[in-house]
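S.K.: Sending over a structure as structure tokens; questions will come in a sec.
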Amino acid sequence: MVTGAAVGGLPGAVIGAALGGVGGAAASFFLDLATRAFNKDIRAKRTRAELFVRIAQKLGDPAES
């Protein structure tokens, strides 16, 4: 877990502290999840995708304002 924290930076440190003795597969999953949560590129893509979904919803239902 210490290696994951050292390699994963802030997300790794957060997950390493939170997981403690959880097995390797779960730790890897949570490290990946945290890395995605802190990644600015992924957040920007998610925000863009949410914007497109909101626009599509507005265009699909003109009665809603």
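S.K.: As a test question: what accessible area, to the nearest 10 Å², does Arg36 have when a 1.4 Å probe is rolled over all protein chains in place?
M.R.: Surface accessible to solvent at Arg36 totals approximately 120 Å².
S.K.: Rounded to the nearest 10 Å², what accessible area does Asp32 show when all protein chains are kept and the probe is 1.4 Å?
M.R.: 80 Å²
The values are calculated or read from the model by the stated rules, or taken from the named source; none is laboratory data. Since the structure is predicted, the reported quantities are computational estimates derived from the model, not experimental observations. Accessible surface is based on the protein model in full, side chains and every heavy atom, while ligands, DNA and RNA are left aside. Shrake-Rupley method; radii C 1.70, N 1.55, O 1.52, S 1.80 Å.
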